[in-house]
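Here the structure is laid out as structure tokens; the discussion comes afterwards.
Read-outs throughout are calculated quantities, based only on the coordinates presented, and are distinct from any laboratory measurement. Quick caveat: nothing in here was measured; it's all calculated off a predicted structure. Here Cβ is always computed from backbone atoms with ideal geometry, including for glycine, and neighbour counts include all displayed protein chains.
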Amino acid sequence: MFGLSEQSILDIKYFIEDYSLALMALAFISYTVSVGKVTAFNLTLFFAVVLHLLHQYIARTLLPLYDEVDFKQFLYYFWYLSFAVTDVVFVLASLACIRKFKLLRDRVSNFLLICYLGMAAIQVLRLIDRELDIDALGAVYSNSIILTNIVVTIAVILMAVRVLLVRSGRVLIPAKE
């Protein structure tokens, strides 16, 4: 694949995974400064950055409690449902603000919203999968969440770079802002 070794691909995957918040924040700042106005994309991206911070807080708070016997059942449900609910709230808040400010939704914003709805669905399906002791979605769950986060980060970066290139006159294909 493009002359990359499997290890190189893994290194890229881990880099994006580890730095996705910083990459998304950088894309938000560069896009917003370049465009100079509120668009559906930077509004959605702003909410995505806040959501990313919230998800990190939830994970860092819950993971140390995992070994506590008293909290096992609570953590079991709270882990999946907190991520699912926050993803759905993110989508609804983004859509409400986009409608309130009468912004035109672009393809990337729609794609981000669909991805986060998909991740919410995956969280709920994994909870049901574990509750029914099927455990058929274990590998699918972890890989799909990671892959979706990586794809979202790449889409955000590409949109920001594309707009920056169009604004600088280096690309002739206009970007929908």
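Here are the numbers for the structure shown:
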read-out: Given (1) surrounded by 13 or more Cβ atoms within 10 Å (Cβ to Cβ); (2) over 25 Å from Leu95 (Cβ atoms); (3) of a type outside the set (Ser, Thr, Tyr); (4) free of Cβ contacts under 8 Å to residues at least 40 places away in the same chain, number of the condition Glu17 does not satisfy; value: (4)
read-out: The one condition in (1) surrounded by fewer than 18 Cβ atoms within 10 Å (Cβ to Cβ); (2) under 23 Å from Thr39 (Cα atoms); (3) hydroxyl-bearing (Ser, Thr, Tyr) that Ser142 fails to fulfil; value: (2)
read-out: Residue list for the range 127-141, restricted to those being more than 18 Å from the chain's Cα centre (by Cα) and either in a helix (DSSP H, G or I) or touching a residue at least 12 places away in the same chain (Cβ under 8 Å) (or both); value: Leu127, Ile128, Asp129, Arg130, Glu131, Leu137, Gly138, Ala139
read-out: Of all residues making up the range 85-116, the number that are in contact (Cβ under 8 Å) with a residue 12 or more places away in the chain, loosely packed, with under 15 Cβ neighbours inside 10 Å and under 18 Å from Thr153 (Cβ atoms); value: 1
read-out: Residue list for the range 1-59, filter: farther than 17 Å from Ala155 by Cα, part of a loop (DSSP other than H, G, I, E, B) and not charged (D, E, K, R); value: Met1, Phe2, Gly3, Leu4, Ser5, Gly36, Val38
read-out: Output for the range 7-41, where each listed residue is farther than 16 Å from Ser109 by Cα and touching a helix residue (DSSP H, G or I) at 6+ places or on another chain (Cβ under 7 Å); value: Lys13, Ile16, Glu17, Ser20, Leu21, Leu23, Ser30, Ser34
